[in-house]
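Engineer: Quick one: structure below, then a few questions.
The values are calculated or read from the model by the stated rules, or taken from the named source; none is laboratory data. What you see is a predicted model; the values in this text were computed from it and never measured. Positions of Cβ are backbone-derived with ideal geometry, glycine not excepted, and every protein chain shown enters the neighbour counts.
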Amino acid sequence: MVVQSTLSQQIKQLEDDLGVQLFERIGKKVSLTEAGRQFLPFARQTLEYAEQGRQQLQDMEGLKTGKLRIGATYGLSVLLTRTMQRFCPQYPDIQFVVRFERADELITLLHNREIDFALTYNLLENEPLLEEIPLFESRLCAVVAEEHPLAKYEEVKLSQLKAFLTAVPAKGMNARTMIDGLLREHSVDLRPLMEINEIYTMIHMVKSCHLVAILSESVIYEEEGYKAIPIKEAKETMHTSLVYVKGMYQRNAVKEFFKRMQIGKI
């Protein structure tokens with residue numbers, strides 16, 4: 001742990017070595033100067049190289065210790081949880097830091113090197129600095145409890161859903177973007193009872209409140225008591241991928257987790 005006085009001394013030493021002022025100090029407020037903002041990317045890169053070096057040294061000890069920093073979209077929380085359940089018993093000393101965010105927020109975390117990789121649906125924009133490992137494709141479905149009246153169907157139309165209480169993901173989530181596009185394209189005026197950004201809650205409400213949730217079929221991966229009914233108008237599938245920064249050193253723990261994720265894919 002670096003105490004404040006020691007940190008101030010280190011900053012002062014760095015400023016003296018560089019011959020420029022990196023921070024402005026006004027009372028208790030500290031902010032970057034223009035020189036500090038210019039220097040920041042290089043400082044981050046230096047820290048990144050140091051971290052990659054530390055990770056490579058850790059890898060010499062095999063998979064005994066380390067930390068996995070994982071990002072995932074909300075709709076893939078069940079799949080990630082199942083993979084962690086398979087991974088953790090064999091590697092109990094590997095620590096996990098997991099963040100659930102929207103796809104665009106995950107991309108920012110990757111660029112900032114705040115996570116090792118992300119589990120997400122299809123990238124909305126071309127990302128030349130990122131690498132994708134395709135896992136599987138899933139359909140947009142009406143997810144219901146097994147005893148729901150719709151459960152007898154093998155396919156449903158959007159217009160059929162108007163007769164039931166529905167729930168959809170919150171705006172900004174991949175499935176919601178696809179849902180809104182389909183409703184506009186087919187001129188269906190669906191008015192959901194609920195918009196939820198937490199998938200476990202939505203799945204629970206499907207059973208407890210007899211809702212119809214419009215989601216990717218992957219959200220009920222290995223879950224019992226549910227049925228995912230494909231929506232007829234949803235011709236395009238949702239592509240699920242592991243995404244990481246090109247050229248970034250991949251530790252043994254990351255590689256092993258990738259393998260488990262690919263083995264357990266739908």
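Engineer: Considering only residues that are in contact with a strand residue (DSSP E or B) (Cβ under 7 Å, 6 or more places away or on another chain) and surrounded by 15 or more Cβ atoms within 10 Å (Cβ to Cβ), which ones fall in segment 233-249?
Structural biologist: Those that are in contact with a strand residue (DSSP E or B) (Cβ under 7 Å, 6 or more places away or on another chain) and surrounded by 15 or more Cβ atoms within 10 Å (Cβ to Cβ): A234, T237, M238, H239, T240, S241, L242, V243, Y244, V245.
Engineer: Shifting gears a bit: I need the full set of residues from segment 167-182 which are touching a helix residue (DSSP H, G or I) at 6+ places or on another chain (Cβ under 7 Å) and surrounded by fewer than 16 Cβ atoms within 10 Å (Cβ to Cβ), in order please.
Structural biologist: A170
Engineer: Take the conditions farther than 20 Å from V144 by Cα, assigned to a loop (DSSP other than H, G, I, E, B) and of a type in the set (F, W, Y) and apply them to Y249. Does it pass?
Structural biologist: yes
Engineer: I'm trying to understand the selection: among the residues of segment 208-227, which are of a type in the set (A, V, I, L, M, F, W, C) and in a loop (DSSP other than H, G, I, E, B)? Lay out the reasoning, then the answer.
Structural biologist: As a first pass, look at segment 208-227 and keep what is of a type in the set (A, V, I, L, M, F, W, C): 209, 211-215, 219-220.
Passing the criteria: C209, L211.
Engineer: If you go through segment 135-147 one residue at a time, do you hit one that is in contact with a Cys (Cβ under 8 Å, 6 or more places away or on another chain), outside the structural domain of Y249 (by TED's automatic domain parsing) and part of a strand (DSSP E or B)?
Structural biologist: no
Engineer: Filter segment 199-229 down to the residues that are exposed (fewer than 14 other Cβ atoms within 10 Å of the Cβ), more than 16 Å from E146 (Cβ to Cβ) and in contact with a Leu (Cβ under 8 Å, 6 or more places away or on another chain) and list them by number.
Structural biologist: Listed by number, the list is empty, since nothing qualifies.
Engineer: State all residues of segment 114-130 that are buried (at least 16 other Cβ atoms within 10 Å of the Cβ) and at pLDDT 90 or above; if no residue qualifies, say none.
Structural biologist: Those that are buried (at least 16 other Cβ atoms within 10 Å of the Cβ) and at pLDDT 90 or above: I115, D116, F117, A118, L119, T120, L130.
Engineer: Here is a further query. Residues in segment 148-177 that are under 25 Å from the mean Cα position of the chain (by Cα) and either outside the structural domain of I229 (by TED's automatic domain parsing) or in a helix (DSSP H, G or I) (or both): how many?
Structural biologist: 4
Engineer: What strands (runs of 3 or more DSSP E) completely inside segment 1-113 contain at least 3 residues that are at pLDDT below 85?
Structural biologist: Details: elements: 23-26, 29-32, 66-72, 94-100.
Answer list for segment 1-113: 23-26, 29-32.
Engineer: Please verify whether segment 190-207 includes one or more residues that are assigned to a strand (DSSP E or B) and either aromatic (F, W, Y) or in contact (Cβ under 8 Å) with a residue 60 or more places away in the chain (or both).
Structural biologist: Among the residues of segment 190-207, not one is assigned to a strand (DSSP E or B) and either aromatic (F, W, Y) or in contact (Cβ under 8 Å) with a residue 60 or more places away in the chain (or both), which makes the answer no.
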